[in-house]
Every structure is written in C-alpha cells, then in structure tokens.
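In what follows, a structure is listed as structure tokens, so that the remarks can point back to it.
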Amino acid sequence: MKKFYLMVALAVMIPLSIFARTQGLYSEQPHQHFDLRNVGIKMTDVVPVKVNDAPAPQMSFKVLDTDLEYYWSTLWPTVTPFAYEAKSNTLVYVTTDRESVDGWADCNVYLHFSNDNGQNWTKTKVYGKKQQMAFFPSVAVLNPKNATDPEQFKIVITYTPFKPRPTPNDTLYYSEGNAYLYYNGTGWNNFEEYEEKAPTENNPGGVQQWGTTNKRMFAVESSKGTHFYTYGSLSPLNEGYQYGAYGFAYIDFTDDFPNPSSQLPRQWDPSVFRNPGSLTSSWNAPLRMSADSDGNLYAFVFNMFPDDPERRTPAFSKSTDNGKTWSDFSRMPFSVFQDFLADWNHAAALDPYIFAYPYTDWDAVAYGPDEFSMFIRMYSYVGTSTQDAVGTGHIAELRYKNGSWLPIRRVGEFRGTPLRIAYLGPTGTSVDSLDENLRYQELQAAVTKDGKSVVCKYLSFDADDNLGVLENPTMLVNNPSTVIDSIACTDIFVGYRNIAETDWKPVFNATQDKWYNKGTYIPPMVPSINHVPIVEYITQEFTAEGNLRLGYPYFLQNLVGDRILTTALVAVLDLGNPTVVNNEVIQRPKGLKGASVLENLPFSLNDIAPNPASEFAVVTYNLDNDAYVTVNLHNAMGQMVKTIFEGSSNQGLNTHNVLTNDLPAGAYYYSINVNGKTQTKLLNVVR
C-alpha cells in the first residue's frame, strides 16, 4: 500500500464562492446541541501538566494554564482572548473551563495577568455560574485610573453561554446569544453579568441573533470617552431572513456603570454586498474592526459588491461617534491589486482573478487617523504565460493613508494548510476525519505600544516544507480510508514594519520545531518589537486505556480538534533579535522517526490536450518517485468543479482523461498536488 501523506498544500484557488453555511465554513447555528455525557475526556485520560512545569528560557514557551478545551476556546477564527493594557504594561488573557457537579456543568472564567512582558503570570478566577458552560471567550481592558493593579482596571469579557435545554433530557445544552461580564475596578466579586440574544437597533423582532462563535472585542480610551466594542457575524432566527449580516455592540463605560447598546448598522446591511441568491448563504467574509488614537472606529470587510460581483474587494466603513453612526463602505480600487501582481510577474492572462482566503483568519489594525493596514492571504500565478504559471502564496498588507490606498506590500510567503482531526460522528459514535482549522493560517496583526511599528504573525511551513514522519502508520478512529504516516510540521512566522518606512523586515520562523503549532494568539497591541507575547495551545497527551485515540502517536494527538483538554503555553518573541522559542520539554513531538523533505519528490505537470477542449481532454504528468497525487479542476471563480484523480501514482508518466462535455464554455484551471506541492495550468472549454 502506498503511503498517504497528510500534507495538504495551498488550496490552489480557494473558492471565492464558498457559501458559508452550505459548505460548513464559518457556520453560525443559533442552537447547537451537545450531550454532556459525550463531551470531553476525563482527567485520568491525559498526562498532567502543571503551571510552571518545565521551566523555560526567558523567551521560550512555558505553561500558562491547563485543562482547557481547545475546540471551544480557541479553534475558531472569531475570538480575541488576548489584550494588552499599555499604561501599566499589563498583559491580560482570558480562559474558561467547566467542572461537572452532580451531572451538571458549572462554568468558570479566569483572567491571567503579567506586568513583566509575559515572564510571570498570576491567575484569578473572576466568575462562575452553575449549570452553564462558557465558551469562545474574548476580553478587552482599559485603565482610566492609570492604575498598576489590574483589580482597578475596567474589563469586559464576552462569551457564548451554553445552557441546559428545558426538555426531559436535561443533559442537552444549547447556545444562547451573547453574555457580557462587566467589571468596573472595584473588586473581583463585582462582575456584572448581562445577556443579549440579538442586537436591538435596526433588528425588528430580534430575528438576527448573535452567532455561537463569532464575537470579537476591542476597547478605546480617548477624548470621546471610555468604550468597549463587540462585533461579529449574525445568525437569522429562521430561514426567512438573510444569512451573512454583521452585528455591532458599543458599551459606554465612561462612568462606573456600563451603558450597552447594539445594532445592525444600515450601512452594513447584507443588501450592500453581492446577493448570494439564497437566504441561507452568504458571500460575506468575517468582519474586522480597529480604532485609532482619536477614538475613530473602522470596520473592514473583504467582500463582493453588486456592481462588481466577480471581484472580492477590501473596503472600510468609519464611525466618528463611538459607533452610533457609520459611513458607507469605501473600496480599494482593483488597480492596486493589479499593480502588485505586475511586480510579481503575474500571468496577465489570468486577470482579473485573484484567489484569496476570505472566510478564515485575516486581520486589520489602525494606527493613526485615516491610517491603517489590512492583512490577507492571496494566491497569484507567476510566469511568462498561462502554460507555465505556478502559484505563489502571499501574506499581503493593504495600506490606506489620508484618503489614498497605497501600494500593496508583501509581508511573506505562506505554504500549506494547517489541519485538525475532527470528531464528525453522530452522538454515540466516533469517526475521526481530516478537517481544516477554521482559523487556517491563523493570521493576526498588532501595533506596538509606541505606535511606530506594525507586527504580523501567521502559521506556515519552513522553507524546506518538512513533513514529520510517524514511527508507525496510524489509521484514524473508525476511518479505514485514512492512514497517516507523515504530517506537516507547522511553524509560527512573525515580521514587522516600521510605520514610517515602506518595506517589511524579513519574516522569521520563530519556532523552527518538529511540532504542530495551533491556537496561536497575539494581542492587537504589543509592548514593543522586542516583546511580542504569543500564546499557543497543545493537546494534553492521552494515556488512559480505552481512550479511542490512545493508539495515536502524540504528534498526531496534538491535531485532535474536538472536545479534549489542552494546555495554554505563553512565550515572548524578540523581533529585533530573533530568538527561537520552542520548548521540546512541553511541546513533545513524540511518535516521530524523522523528517521528509518535499523537494525529494519532484514532478512536472504537462500541457493538457486538446486545449481548447470541447468533449474531453487528457492531462499527463511525470513523477520521479511513486507518490500520492490529487488532480483537481476549478472554474475561473476558484470553485471546485471536479476531482480528476486522487490516489497513488507510479514513478514516470501518468495519464488521466478529463470529460469536458458537461462543462459550460469558459476558462478553467487544472492543478496537480503531490505531497504538498502544487502546479496549476489553464484549460479553455469551448462550445
């Protein structure tokens, strides 16, 4: 049997037209059900790891918190658990857990504080509630008293409450709206709770409700007052209303008593963007927001608009009154993209298509009045013609200043697709299957405390595209079609740019390990380029007999993405003096026997013939070694049309037929993926 390499390459043309709900990406179901008897694993199932175990070098990973649930806390692209309070130089991180009491789940909420740039932390339980679970926490913090003690800060936490469903089977929990915890700096026992199922303004009947996972936070202290903000995508109460709307909440905390309000801004109405043709679908990417030092707010989208429905366009809406009113969206001209592509010898015949990754993690930061940067992943084709075009992944910075969009700058290159192993079986069964981490490359941006630099962090593979080779091939639980013997080793890449300068300093690989990094966060403001704090989550190793995944090597266990216990690690990066921050004592790549370098598996994709094609075509490729191969066909919008071939191919020439008589006339792209390397060429279909 040929080996199956679990190295998923760049999605050559990630579908711009993926419908969020129908494809299961970025889905927002207002009432998700979970049976408490089948949620999580027992403490006896894992290797115990304690805070301050495995003392690390000053800048390397060490334990921040334990016994957390990665799937519920950090997997999703829509939380902001990390914050930085600049006046007191205090880092703040929020975590939640649950404990079973008499068959019920009780939630606990914790805050973690560090005032020495992340070297030492204190943990405080700030809230607990009976018979409720608290998932997807976000936090924001302000310090109007200029205090040094976090107990005098103003803090807002938001999370999704999961409550028992009032049915005969009370072990079923369901998500319900959004819960806020307000704290005004008068003692940890004085957290005020407020719950809201739906934004109130411009939302008749509350039909557009807060989604389960999609709530991010930030806070601003300016001459306009002290304000906290929550935002995200919404879920209609029923299918009679449009999916894909955005919600926004503003909390005036200028006095000691918060005054919350929420709305669906009319300028963000779904009708402003491309009509998806279905109430249950949406073309809309996640919303991102930031604020400048004057307290002006910016809402960023990467969407399609009705008058240019084939092109995804960065745009922003602005508020100068703490979010009460908003401007219409201002779009970046597509010519800015074209200028960037020209610099990269982009195959001009492939215009106007730029293949981006809009539905997962991307970010934006404002660092001055009418001055900001948006960060996206995009995929372009480099070559002198369509026949030799090869795809390249870019981490791109889209810049705006004083009314003008500036030339796009490339932060770095990204490779590969971070994965997780997901529990996909119905209640009472267990079936593991490969799935994408919904944060994907986990791209985030930050500005430094002094406002002089902007930082970008993302996940990718190192320059050699190494695979970690497992000691023993492993079959996924109840999934005989997927046997794993090697898997990608991801790394954390970080770079920065001085705002007064144009170009980025070289991005560096901060971890350089044989490990699978996931659940990585930086706060939206960092102390300096020499002190960039980062949190990473690792899966606690399974040890108990009878655990379904006990047979997985620990390297593979670390990918598990459903209801398992994890440990949060914290490290500090020095971008001015790049230092590797891995810690093999607690990031244990057990189960590996070595590494495989993808460059040892070369291949070549030949021109398809005939081209143009009408009824059929033939695609051929050459392999220098036996390999697992996928050949796909996409349309011009990046939608997957068909898989031409997937399976083991032999060394030498390989041939596959492609039926085209069922395809509309137009441009298509055929691609080959061999162990994480992809090449793409153009096919024209005529009638």
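The values are calculated or read from the model by the stated rules, or taken from the named source; none is laboratory data. Nothing here was measured: the structure is a model prediction, and the numbers come from that model. Reconstructed Cβ throughout: ideal geometry from the backbone, glycine too, with neighbour counts over all protein chains shown.
Residues considered: PHE300, PHE257, PHE305, PHE334. Of these, the only one that is crowded, with 21+ Cβ neighbours inside 10 Å and not charged (D, E, K, R) is PHE300.
Within segment 638-664, track down each residue that is touching an Asp or Glu at 6+ places or on another chain (Cβ under 8 Å) and surrounded by fewer than 14 Cβ atoms within 10 Å (Cβ to Cβ).
If the condition is that a residue be touching an Asp or Glu at 6+ places or on another chain (Cβ under 8 Å) and surrounded by fewer than 14 Cβ atoms within 10 Å (Cβ to Cβ), then SER648, ASN650, GLN651, LEU659, ASN661 are the ones that fit.
Selection of first residues in segment 435-460 that are within 17 Å of GLY393 (Cα to Cα) and of second residues that are assigned to a strand (DSSP E or B) and among the small types (Gly, Ala, Ser), restricted to Cβ pairs under 7 Å at least 6 apart or on distinct chains, gives the following pairs, ordered by first then second residue: GLN441/SER460; CYS456/ALA445; CYS456/GLY495. Residues of segment 117-140 that are part of a strand (DSSP E or B) and aromatic (Phe, Trp, Tyr): TYR127, PHE135, PHE136.
Candidates are the residues of segment 88-116 that are free of Cβ contacts under 8 Å to residues at least 60 places away in the same chain and assigned to a loop (DSSP other than H, G, I, E, B); the one that is surrounded by the fewest Cβ atoms within 10 Å (Cβ to Cβ) is ASP102.
Looking across segment 544-576, the residues that are farther than 16 Å from ASN437 by Cα, among the hydrophobic types (A, V, I, L, M, F, W, C) and surrounded by 20 or more Cβ atoms within 10 Å (Cβ to Cβ) come down to PHE555, LEU565, ALA568, LEU569, VAL570, ALA571, VAL572, LEU573, LEU575.
Considering ARG266, ARG274, which residue is exposed (fewer than 14 other Cβ atoms within 10 Å of the Cβ) and either within 23 Å of the chain's Cα centre (by Cα) or not hydroxyl-bearing (Ser, Thr, Tyr) (or both)? Explain how you work it out, then say what you get.
Working: ARG274 fails: exposed (fewer than 14 other Cβ atoms within 10 Å of the Cβ).
So the residue among ARG266, ARG274 that is exposed (fewer than 14 other Cβ atoms within 10 Å of the Cβ) and either within 23 Å of the chain's Cα centre (by Cα) or not hydroxyl-bearing (Ser, Thr, Tyr) (or both) is ARG266.
Residue pairs, Cβ under 8 Å, 6 or more apart or interchain, first in segment 663-687 and on the phi > 0 side of the Ramachandran plot and touching a residue at least 40 places away in the same chain (Cβ under 8 Å), second surrounded by fewer than 24 Cβ atoms within 10 Å (Cβ to Cβ) and of a type in the set (Val, Ile, Thr). List them. Once the first residue is on the phi > 0 side of the Ramachandran plot and touching a residue at least 40 places away in the same chain (Cβ under 8 Å) and sits in segment 663-687, its partners that are surrounded by fewer than 24 Cβ atoms within 10 Å (Cβ to Cβ) and of a type in the set (Val, Ile, Thr) give GLY676/VAL8.
In segment 308-331, the qualifying residues are those that are touching a residue at least 60 places away in the same chain (Cβ under 8 Å) and closer than 14 Å to ARG399 by Cα, and the one that is surrounded by the fewest Cβ atoms within 10 Å (Cβ to Cβ) is PHE316. Restricted to segment 145-241, the set of strands (runs of 3 or more DSSP E) holding at least 3 residues that are closer than 30 Å to PRO270 by Cα and under 22 Å from the mean Cα position of the chain (by Cα) comprises 154-164, 216-222, 225-236. Whether a residue is among the polar types (S, T, N, Q), on the phi > 0 side of the Ramachandran plot and touching a residue at least 40 places away in the same chain (Cβ under 8 Å) was assessed, and ASN214 does not pass this test.
Scanning segment 380-396 for residues that are over 17 Å from the mean Cα position of the chain (by Cα) and either at pLDDT 75 or above or in a strand (DSSP E or B) (or both) yields SER380, TYR381, VAL382, VAL390, GLY391, THR392. Scoring GLU195 on the criteria (1) more than 13 Å from ALA179 (Cα to Cα); (2) without any contact (Cβ under 8 Å) to a residue 40 or more places away in the chain leaves a single failure, condition (1).
Of a type in the set (Ser, Thr, Tyr), surrounded by fewer than 20 Cβ atoms within 10 Å (Cβ to Cβ) and either farther than 23 Å from GLU85 by Cα or in contact with a Gly (Cβ under 8 Å, 6 or more places away or on another chain) (or both), is that true of TYR229? Walk me through it before giving the result.
Working: of a type in the set (Ser, Thr, Tyr): yes; surrounded by fewer than 20 Cβ atoms within 10 Å (Cβ to Cβ): no; either farther than 23 Å from GLU85 by Cα or in contact with a Gly (Cβ under 8 Å, 6 or more places away or on another chain) (or both): yes.
So TYR229 fails the test.
VAL619: in a strand (DSSP E or B), out of contact with any Ser or Thr (no Cβ under 9 Å at 6 or more places or on another chain) and surrounded by 13 or more Cβ atoms within 10 Å (Cβ to Cβ), yes or no? It is false that VAL619 is in a strand (DSSP E or B), out of contact with any Ser or Thr (no Cβ under 9 Å at 6 or more places or on another chain) and surrounded by 13 or more Cβ atoms within 10 Å (Cβ to Cβ). Scoring TYR521 on the criteria (1) farther than 26 Å from ASN89 by Cβ; (2) touching a Pro at 6+ places or on another chain (Cβ under 9 Å); (3) surrounded by fewer than 24 Cβ atoms within 10 Å (Cβ to Cβ); (4) among the hydroxyl-bearing types (Ser, Thr, Tyr) leaves a single failure, condition (1). Scanning segment 617-645 for residues that are modelled with pLDDT under 85 and closer than 30 Å to PRO309 by Cα gives HIS634, ASN635, ALA636, MET637, GLY638, GLN639, MET640.
Please verify whether segment 479-500 includes one or more residues that are of a type in the set (S, T, N, Q) and at pLDDT 85 or above.
In the first step, residues of segment 479-500 are kept if they are of a type in the set (S, T, N, Q); the result is 479, 481-482, 486, 490, 498.
Imposing the further condition that a residue be at pLDDT 85 or above reduces the set to 490, 498.
Yes: one or more hits.
What tally of residues in segment 233-249 results from selecting those that are more than 22 Å from GLY323 (Cα to Cα) and either touching a Lys or Arg at 6+ places or on another chain (Cβ under 8 Å) or not acidic (Asp, Glu) (or both)?
Initial filter on segment 233-249 (more than 22 Å from GLY323 (Cα to Cα)): 236-243.
After this cut, where a residue has to be either touching a Lys or Arg at 6+ places or on another chain (Cβ under 8 Å) or not acidic (Asp, Glu) (or both) as well, the list is 236-238, 240-243.
Here the count works out to 7.
For the condition under 19 Å from VAL685 (Cβ atoms), in contact with a Phe, Trp or Tyr (Cβ under 6 Å, 6 or more places away or on another chain) and of a type outside the set (D, E, K, R), LEU633 qualifies.
Of the residues making up segment 274-286, not a single one is in a strand (DSSP E or B), closer than 27 Å to GLU371 by Cβ and in contact (Cβ under 8 Å) with a residue 40 or more places away in the chain. Of the residues making up segment 456-499, just one is over 22 Å from the mean Cα position of the chain (by Cα) and at positive phi, namely ASN478. When segment 514-553 is limited to residues that are in a strand (DSSP E or B) and of a type in the set (A, V, I, L, M), the one that is nearest to PHE218 (Cα to Cα) turns out to be MET525. Any chance segment 346-364 includes a residue that's modelled with pLDDT of 90 or more and under 22 Å from PHE228 (Cβ atoms)? Yes: one or more hits.
For segment 245-254, the criterion of being assigned to a strand (DSSP E or B), in contact with a helix residue (DSSP H, G or I) (Cβ under 6 Å, 6 or more places away or on another chain) and more than 22 Å from ASN146 (Cα to Cα) is met by at least one residue. Evaluate segment 124-141: report whether one residue or more is surrounded by fewer than 20 Cβ atoms within 10 Å (Cβ to Cβ), among the basic types (Lys, Arg) and at pLDDT below 85. No: zero hits. Taking segment 417-471 and the strands (runs of 3 or more DSSP E) fully enclosed by it, the elements with 1 or more residues that are at pLDDT below 75 and buried (at least 16 other Cβ atoms within 10 Å of the Cβ) are at 419-423, 432-436.
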